[in-house]
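The numbers here are math on the coordinates, done by the rules we state, and not lab data. These numbers come from a predicted model, not from an experiment. Positions of Cβ are backbone-derived with ideal geometry, glycine not excepted, and every protein chain shown enters the neighbour counts.
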């Protein structure tokens, strides 16, 4: 190799080394790089914030593992809320008596079920799979007294904090009056396998097998109030066997003892419970059809539960926010590139290669709110956008043509600013522009225009319809608002209603909800994991990580100061779920017919920081919006990101099945999730 080639190679290795140092180093904020040259600033910003994971394999692997763990606890919480609601309903008085009677304040702790026709045994056994969720605050064993075919069976369950699983035993006395004995329902040896150790020629074994084949599926699906199935079938099978023996000239059938009868009945119940908890497939052929029948019934209940979760159109703010924070800038860019490839998104550049315009065409593959969600990640998709660079965005919102402008905010590295220009909206009242751009405030949009609408419910319905309609099927704002304008006694023009509507939707659902950079999302996820690891549950609202104070979550705020520079201070919009909060307010207007200027106030819409009372300082809209999750994390909002998650079959399982595995077989779940984490 000559000296020239060696020099070129050393130079190449030098630049590769510099590149790796920049991309793998922990990044505080691209703000600190403003004194450096543009290429270096761009490179570090690109690697450290917008595409933090793209160049940081260790961080990506760690993030993937954390995401999988949060997914598991999402599933647990969503299932818990459904099961808890059902059990609370069962605890209500029915005919003067509760269906469920809990005595958890004394020792031993017991839960007793009433012999009722309103609950089936399979429902109880199904829900008890989620014992660690339903009884998460109890570490002592709890005995469940369950009426089964006229008898009372006892299940003793206890949480195992180390494994996240639970211990499950059937408690019985054999013979009656003796000390308690137990059967481990997670044992891999099926409770009925011992029947195979007796010769099939045994008349009693033959009778019991025939009885159990019939009554196990029947009792499993029967109500708690149903009685006598086992005894009736036993009588039938005894008569059949007795007649057969007489016909074949065999010995007279000996009576079946009470102890044998009780043992067979008990093992039949244990077979049902063990199939729900352990799920082990029996080894013997005669048991498999029974096992399969029970699993089919269990799956029907689980699928119904999962369907209820999928059907939810609302969720808690803390869940929706976390679901959004699990999505990376790469996810948004991947979807953006797909739409570009299909010709739905068309970017335009000037002679110097700078982005000037983005057109999103009319299409049936995306509704308006989905396009807003993509635009929330605009600065992750186009990290090269500089301060002062204005990009015109043309979206057919309400069949309008005017468009809006997006730019990077001066004060926030990842903050978006929305503006409009009078020349794009010639029919509207001219607004006072600054530097050729009008940046509307909530006073401009809400108080001066939308608040004057005399039929706010009808007006709100139009906006809601636009948000959930395809980009090729948008309501025509001008046509829809014409009659609304006429009924407002000339206080507001149709064109002003249209322009302010586009501005309000874009600001509240894009700029205010701008996606944080991946490095902040990674830290947010790590803070969630800290609570999960410590508490073995999803964080409460006030335990959620703070978007306003990214140096530490709310648990540590003011207690354990973190050294400056350990975590990023780069922020984005005011609240990633602000679009959903806005949808909630529009629905409130639709429901109550209360004006926009009354509903879009700071108390309900914290992002609006300019509203104040006489003698009071201005509200801090940015801060109030970012800590909104700590104050209102358990409030319900429309679910988009979380619904997208629950409608998918992830790790090869549904949400309900993931929650079930986390309770009954966490080791198997970890293996499944580990395999998918590498994908």
Task: Tail fraction, Cα-Cα pairs, the stretch 393-485, threshold 19 Å, whole percent - done: 51
- [ ] Counting other beta carbons within 10 Å of each Cβ, put 341, 63, 138 in order, fewest first.
- [x] 341, 138, 63
Open item on the list: Can you sort 437, 491, 325, 583 from fewest to most other Cβ atoms within 10 Å of each residue's own Cβ?
Closed with: 491, 437, 583, 325
- [ ] Give me 592, 254 ranked fewest to most by other Cβ atoms within 10 Å of their Cβ, as a rough exposure proxy.
- [x] 254, 592
TODO: Return the distance in nm (one decimal) between the two label points of a simple spin-label model at residue 296 and residue 468, each offset 7 Å from Cα along Cα→Cβ.
DONE: 3.7
TODO: Describe numerically, in nm with one decimal, the distance between label points set 7 Å from Cα along Cα→Cβ at residue 5 and at residue 213.
DONE: 8.1
Task: Rg/Rh for the stretch 72-311, where both radii come from Cα atoms and Rh is the Kirkwood radius - done: 0.99
- [ ] Would you mind computing, in nm to one decimal, how far apart the modelled labels at residue 303 and residue 85 are, each placed 7 Å from Cα along Cα→Cβ?
- [x] 2.1
Open item on the list: How much length would be gained if the chain were fully extended between residue 161 and residue 182, taking 0.36 nm per residue of separation minus their Cα-Cα distance, in nm to one decimal?
Closed with: 5.4 nm
Task: Two-site FRET efficiency, residue 334 against residue 102, from Cβ-Cβ distance with R₀ of 45 Å, rounded to 0.05 - done: 0.35
Open item on the list: Expected output is a single nm value to one decimal: the length gained when fully extending between residue 239 and residue 487, i.e. 0.36 nm times separation in residues minus the C-alpha distance. What is it?
Closed with: 80.8 nm
- [ ] Could you let me know the centre-to-centre spacing of the stretch 281-349 and the stretch 501-548, using Cα atoms, in angstrom?
- [x] 21
- [ ] Using 0.36 nm per residue of separation minus the Cα-Cα distance, give me the extension gain between residue 384 and residue 534 in nm, one decimal.
- [x] 50.0 nm
Task: R0 of 45 Å, Cβ-Cβ distance residue 354-residue 593: FRET efficiency to nearest 0.05 - done: 0.45
- [ ] State, as an integer percentage, the relative contact order of the stretch 72-311 based on alpha-carbon contacts under 8 Å between residues 6 or more apart.
- [x] 20
Task: Paramagnetic reach from residue 433 (point 7 Å along Cα→Cβ, amide N under 18 Å) across the stretch 347-382 - done: 356-358
TODO: Report the convex hull volume per residue for the stretch 161-247, counting only C-alpha atoms, in Å³.
DONE: 162
Task: R0 of 41 Å, Cβ-Cβ distance residue 254-residue 136: FRET efficiency to nearest 0.05 - done: 0.20
